[in-house]
Every structure is written in structure tokens, then in C-alpha cells.
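The values are calculated or read from the model by the stated rules, or taken from the named source; none is laboratory data. No experiment lies behind these values; they were computed from the predicted model shown. Just so you know, the surface numbers come from the protein's heavy atoms only, side chains and all, with ligands and any DNA or RNA stripped out. Shrake-Rupley method; radii C 1.70, N 1.55, O 1.52, S 1.80 Å.
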Amino acid sequence: MNNSALRTMDVLELLTQGPMTVTQVSRELGIPKTSAFDILSALCSRRFAQCDEHKQYSLGLSAYRIGMA
């Protein structure tokens with residue numbers, strides 16, 4: 001299995017709990033902050049996540065679209 005894909009899904013599932021910082025994602029999943037940041041950045045680039053002015057990440061429009069499909 002592809003660990004990157006699995007980690008990305010873990011991050012998406014975690015964001016269903018509400019907005020979180022990179023540090024919170026890193027701690028909750030036990031992954032390095034750089035990995036959490038890279039995954040969140042990739043998710044944001046495809047609108048699966050979004051980042052607010054307080055650097056809190058939450059689910060983005062693409063995640064909701066897939067959920068409604």
C-alpha cells in the first residue's frame with residue numbers, strides 16, 4: 001500500500017473533527033510536522049482542505065463535493 005495516500009486519507013478523516021493547525025494534525029497522527037504541512041498543502045491546492053487567517057485547516061469544497069456524490 002502507498003503510505004502517502006493512506007496518510008492523506010488519515011488527514012482528511014481527522015479534519016472531519018473540525019479546524020486544526022499543522023501542529024495539531026502532526027500530533028494527532030504521529031507524523032512529522034513537515035509531512036503534515038506537505039499533505040495539507042497538497043489538499044489545499046486541490047481544494048480538499050482550506051486554511052484560514054489563523055492557520056487552521058479545515059475540509060474544503062472538493063471534500064464536500066465528493067461526500068455529496
What is the chain by shape, rounded, prolate or oblate, if you read a ≥ b ≥ c off the alpha carbon gyration tensor as root eigenvalues and call it rounded for a/c under 1.5, prolate for a/b larger than b/c, and oblate otherwise? oblate
In the chain, carbon and sulfur make up what percent of the accessible area (probe 1.4 Å)? 53
Can you tell which of S26, S35, S45 shows the greatest fluctuation in a Gaussian network model of the chain with Cα springs below 10 Å? S45
Per residue, how large is the accessible surface of the chain? Use a 1.4 angstrom probe and give square angstrom. 71
